[in-house]
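The block underneath contains the structure these notes are about, expressed in C-alpha cells.
The values are calculated or read from the model by the stated rules, or taken from the named source; none is laboratory data. Everything numeric here is computed off the predicted structure, so don't read it as measured data. Cβ placement follows ideal geometry from the backbone for every residue including glycine, while neighbour counts extend to all protein chains displayed. Heavy atoms of the whole protein, side chains included, go into the accessibility calculation; ligands, DNA and RNA do not. Shrake-Rupley method; radii C 1.70, N 1.55, O 1.52, S 1.80 Å.
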Number of protein chains: 2
Amino acid sequence: MVPASLKRELRDIVGKERCLDAPEDLMVYSHDVFAEKKPDLVVLPVTTEEVSRVLKLANREKVPVTPRGSATGLTGMCVPDRSGIVMAMSKKNRILEINPEDRLAVVEPGVITQDLQLAAEAAGVFYPPDPASQSICQIGGNVATNAGGPRCVKYGVTRDYLLGLEAVLPSGEVIKTGGRPIKNVTGYDVTRLLCGSEGTLAVITKIIVKLIAKPEARRTLLVAFRSIDDASTTVSRIMAAGIVPRALELMDQHYIRTCERVYNLGLPTDAAAMLIIEVDGFAETVDRQARIAKEFCETQGAFDIKLAQTEEEADKLWLARKIGSVALYRLSKTMVAEDATVPISKIPAMVRRLNEIEKKYNITIYLLAHAGDGNMHPLITYDPGNKEEAARVENAIKEIFEASIALGGTLTGEHGIGLAKKPFMHLEISPAEMELWKNIKKVFDPNGIMNPGKFV
Amino acid sequence: MVPASLKRELRDIVGKERCLDAPEDLMVYSHDVFAEKKPDLVVLPVTTEEVSRVLKLANREKVPVTPRGSATGLTGMCVPDRSGIVMAMSKKNRILEINPEDRLAVVEPGVITQDLQLAAEAAGVFYPPDPASQSICQIGGNVATNAGGPRCVKYGVTRDYLLGLEAVLPSGEVIKTGGRPIKNVTGYDVTRLLCGSEGTLAVITKIIVKLIAKPEARRTLLVAFRSIDDASTTVSRIMAAGIVPRALELMDQHYIRTCERVYNLGLPTDAAAMLIIEVDGFAETVDRQARIAKEFCETQGAFDIKLAQTEEEADKLWLARKIGSVALYRLSKTMVAEDATVPISKIPAMVRRLNEIEKKYNITIYLLAHAGDGNMHPLITYDPGNKEEAARVENAIKEIFEASIALGGTLTGEHGIGLAKKPFMHLEISPAEMELWKNIKKVFDPNGIMNPGKFV
C-alpha cells in the first residue's frame, strides 16, 4: 500500500534508522492493548519539519497515516486499521521548558507523561492528569485522547491543562493554536478540537500545558464495605458534601479477591467493595477532609478503615488499585476494560445494572471505578477462542453501553472511541452530529488519510 | 434586507409581541458597549423549536442572523454588522435544573449569570465564572464569548465549566454536544468549538454547566504600593509561590485617582498602584494564605494594607475595582477597554510598555488588570469627535496589541474579537489558521448567515 518510490522519498526525509519496514518492526508498531493491524511502514520523526514533509508526501499519494504514542490505549485508537504509515512520535521527546513563574511547560509529544510530572514537581509545580499508564504513555497520546486518571475527579482531564498546540495538517501546513497566556479567547478553540480527536485530524508536534500549584499534603484512606451499594452511596454523599478528594476509587469483591489471590496484599476478601479516598491541599486541611470522609464511610457501615500515616503507607494502600488489572490480564486469555461513565448520582443504579448484566449473561464483571466522577471501569475477562462465551460478552458490553446512555451517561469517560466503541456510536450520537463531525474532519483532512477507519 | 414575506412568516412562528421592527425597538437591539448597527428585525424565541424554524427560514433566504444576550460585550460581537435579524435570547431564560448531587446545572441561554450563581449557592454549590457584568449578562452570551472574570485566575473561564450544549445550526438542525457526565471523551469537542465562537456558528439553546464545591471562607486584602513595578512584581511572586488567590486585581494611579475624585471612597491617592488580593478555601487555610500574600506585599514595599474583617468590609474593598470604570464612562465622551493578555512573568514588562505608549501618544491609560492571569485591561478615554486625538488613540491601541504579541501574549484574554479586534487578527493568527477557521465556519454555516462580518 506504500509504493516503493514513496518509501524511498520518506527514507530520504527521516533517514534509514527512523524509517522501518522489517517484519519484526512492523509487528512492534501494529497493536495497542485492544487491537492489532500491521502498518506497511513506520516513520519516527524528530522535527516538526520532518512531520510536515512526511505528511505532505503521504497526502499526495493518499496513503493512510496513523499517529502513535506508546500505544497504551484500550480501544485500538492508534492501530493502523487501513495499514499505511504509522507515525510514531517517541523520538520527538524533548521537554523544552518548565516555567514555574508562567505556570506552564512546553513539551514535544513523545515526552513520557511521568517525566513531565516529575520535572514539574522538581520545579515546585504540578501537572495533575495521571492516566494509569503514566509511567510509559506519551503526553502527545494523552492530548490526542484527552486522557483522564484518578486525580481528574479533583483536577480535571488533559483538555483542561492545554494552553496551546503546534500541529501539522495532512497538507503539511504547520498551525499553532492557543499560546502561552493562561487566558486567551482569540478565535475558534482548535486546541480542544484536536484534543480527543484520536489522530483523525492532524499530528500534534508541540504542546503547551498549564501547571498549577503543588498541593502541600495528602491523606489516603482504604475503606472496606459489606455492600457495594453502601460504597457507591458513600461516594455520592462525599461529593455532595463538597469534599472533593483528589481520588475516589472503587473496587468490587471480584476484583479484590483476584488481586489478593495473586499478590497477597492482606486485603479483606470478605469486603463486598472497597474505596480508596485520597484528599489533598494545604497541610492544615487534609486531616479535617480525611475525618469527614471517614465519618461518611462509618455512617454507611464501613467495617475496615485504614488511614496511611506515611507516604510509603499511602503508596501501599494504592497497590491493589494499581496492579489488580495486571493480575486480571495474567489470569485470563483476554480482557476488555470499558469506561462507560454516568452522572455521579447514578453510580448506585449503574452498579445494580452491572450486577444484573453479569447474572443475565453468566459472566464475571470485575468493577473498578473512578467513582468520584462517575467513570466506571467494568472489566470482563474471557476466552476469545470460545465463540459462545465471546458472544455473551459482546452482548453484555452492548447492554452496559445502553445502560450508561439510559442513565444519562456516555460511552466513554476517558478511553476514547477507537475501534472498540465505533459500533456503538449511534447510541449516543445523532446522524446530524456525526455528519457535522465528518465535515469537520474533511476541513482538516480532505483526502481522509489521517487514521482512517475510526469513529469518523 | 428582510423581505416582507419572510417577516410575515417569522411573525407567524414567534408571534407579534416577540417579532419587532418598530424603529425604537430596532434601536434598543442595535448596539453593545463598543459598536452600533441597526437590525431589520428582532425576534425573541422562547423554545428551541422556534429558534430552529426561524433559522431555517433565514437560511433559505440567506438573511443574516446575529444572536444576542444582554449586549454587555466590549467589542461589537453581537452587533448585526450586516443588519438582518437579531435573535435576542432574553426570553428563553429558565433555570431548568440545579443538581448538587451531580454537580451540574441545566439552563437556557437567557438566564442572567448572577441568577445562576445565586441559585447554585442556595443549593450549596458554586458556579465560579464572574464577568464584571454578571448581574445583567446572560449565560448564553458567556458561553458564546467564553467569558472570564476576576475569579478565573483560580477557577478558570466559562469554557472550563461546560459539560454539554444544545445548539441549532443555520439549517435548523438541533444538535446536542457533550452531556451530563463530568468525564466524556466521545468524539470531537464541539462544545468547546461553539464556546467562544461569538455567534458565528450556531445558536446555543441549552447549556449544561459543571458546579463545584462552594469555598467555605474568603479573605480580602486591599494593598497600596509606591510603584506599579512593585505591585506587578508582587503579583508574579505570589503566583510563583503557589498561593493562587481567587482574585488578584491591579489598579493604577490614574484609575485610583479618578475613582476617588468621583466616589470619595478614601483610597490612598498617593499610591502608584493598588492590588486586591482575595484568597478562599477551607476556613483554616484562608488566614495563612492571606498572611503569606501580605508578607510578599510588605517585602515589595507596600505602604498601606487593609484586611477585611467582615463580608461587608470585603465588599467595600472591592468597590473601587467594581465601579471605577463606570466613573471613567461618566467622565469621558467614550472609552475603549482592551484586554491584551500576557504570560504572568511578563506583567512588569507589559506595564512598562504601556507607560511608554502612554507617553509616546500623549494619552492617558487607566490600567486595570486581572493581574493573576496576565489579563491586562488598559482603559483609554477620548473624544471620538476630535479626529487628531482619535488617531493617536488608534495608533496606541495597535501598539498595545503589538506589545502583547511580542511578549508572547494574545489580543484578547476575555473580551473577544468582535469588530474591535478584527483589524488586528493578522498579528496573532497565520493565514493557514484563518483559512482553517473559515472552512470550519463553512461546515456549520455554508450560507454565511451567522453573525456575518465578524472575525471569520
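Miscellaneous remarks
- Averaging over all projection directions, the Cα-based convex hull of the range B:217-406 occupies 10.1 nm² in the image plane.
- Positive dipole terminus of the range A:236-317, leading residue within A:Gly242, A:Ile277, A:Leu307 (C-beta point charges): A:Gly242
- Solvent-accessible area per residue for the range B:95-213 (1.4 angstrom probe, square angstrom): 23
- A:Ala283/B:Arg257 FRET efficiency (R0 35 Å; Cβ-Cβ; nearest 0.05): 0.25
- With 10 Å bins beginning at zero, the pair-distance distribution over Cα atoms of chain B amounts to 4, 20, 29, 26, 15, 4, 0, 0 %.
- With every protein chain in place and a 1.4 angstrom probe, the accessible-area ranking of B:Lys206, B:Lys7, largest first, reads B:Lys206, B:Lys7.
- log10 of Debye I(q)/I(0), alpha-carbon scatterers only, for the range A:136-237 at 0.11, 0.16, 0.21 Å⁻¹: -0.48, -0.78, -1.09
- The protein assembly as shown - share of DSSP beta bridges that are antiparallel (%, nearest 5): 90
- Accessible surface for B:Leu222 stands near 10 Å², nearest 10, in the context of the full protein assembly shown (1.4 Å probe).
- For the protein assembly as shown, alpha-carbon Rg over 2.2 N^0.38 Å: 0.94
- Nitroxide proxy distance, nm - points 7 Å out along Cα→Cβ at A:Lys333 and B:Asn264: 8.8
- Fraction of beta bridges assigned by DSSP in chain A that are antiparallel (%, nearest 5): 90
- According to the calculation over all Cα-Cα pairs in the range A:4-88, the P(r) per 10 Å bin from zero is 20, 54, 25, 2 %.
- Measuring only protein heavy atoms, the 1.4 Å probe finds A:Ile363 accessible over about 20 Å².
- Label 7 Å beyond Cα on the Cβ vector: B:Gly266 copy-to-copy distances, nm: 6.1
- Per-residue mean of foreign Cβ neighbours for B:431-443 is 5 (Cβ atoms of other chains, 10 Å radius).
- In plain terms, the chain from B:Leu427 to B:Arg82 could stretch by 121.7 nm, reckoned as 0.36 nm per residue minus the Cα-Cα distance.
- Solvent-accessible area lost in complex, 40 Å² minimum, residues of the range A:333-354 relative to chain alone, 1.4 Å: A:Pro343, A:Ile344, A:Ser345
- Residues in the range A:202-238 that a label on B:Glu101 would reach, taking backbone N under 11 Å of a point 7 Å out along Cα→Cβ: A:233, A:236-237
- Residue-span extension gain [B:Arg226 to B:Asn439] - 0.36 nm each, minus C-alpha spacing: 71.6 nm
- Cα centroid separation, the range A:160-202 to the range B:387-405: 29 Å.
- The length gained by stretching the chain between A:Lys387 and A:Ile292 to full extension, at 0.36 nm per residue less their Cα-Cα distance, is 29.3 nm.
- Working note: 222 nm ellipticity from helices only, DSSP H runs with n ≥ 4, each -39,500 (n - 2.57), summed and divided by the residues of the protein assembly as shown, gives -11500 deg cm²/dmol to the nearest 500.
- Using a probe of 1.4 Å on the protein chains alone, the accessible area found for B:Tyr361 is around 30 Å².
- Inter-copy label distances at B:Glu312 (7 Å, Cα→Cβ; nm, one decimal): 5.6
- Euclidean distance of C-alpha centroids, the range B:11-76 and the range A:294-309, integer Å: 57
- Between the range A:84-147 and the range B:232-261, the Cα center-to-center distance that results, in Å: 32
- Label-point distances for B:Thr334 to the equivalent site in the other copies, using a point 7 angstrom along Cα→C-beta, read 6.7 nm when ranked shortest first.
- Solvent-accessible surface, computed for protein heavy atoms with a probe of 1.4 Å, shrinks by 20 Å² or more for the following residues of the range A:99-130 when the other protein chains are added to the isolated chain: A:Glu101, A:Asp102, A:Arg103.
- Cα coordinate range in the range A:315-443, projected on the principal axes (Å, largest first): 47, 37, 29
- Remark: spin-label model distance A:Lys214-A:Asn355 equals 4.4 nm, labels positioned 7 Å along the Cα→Cβ axis.
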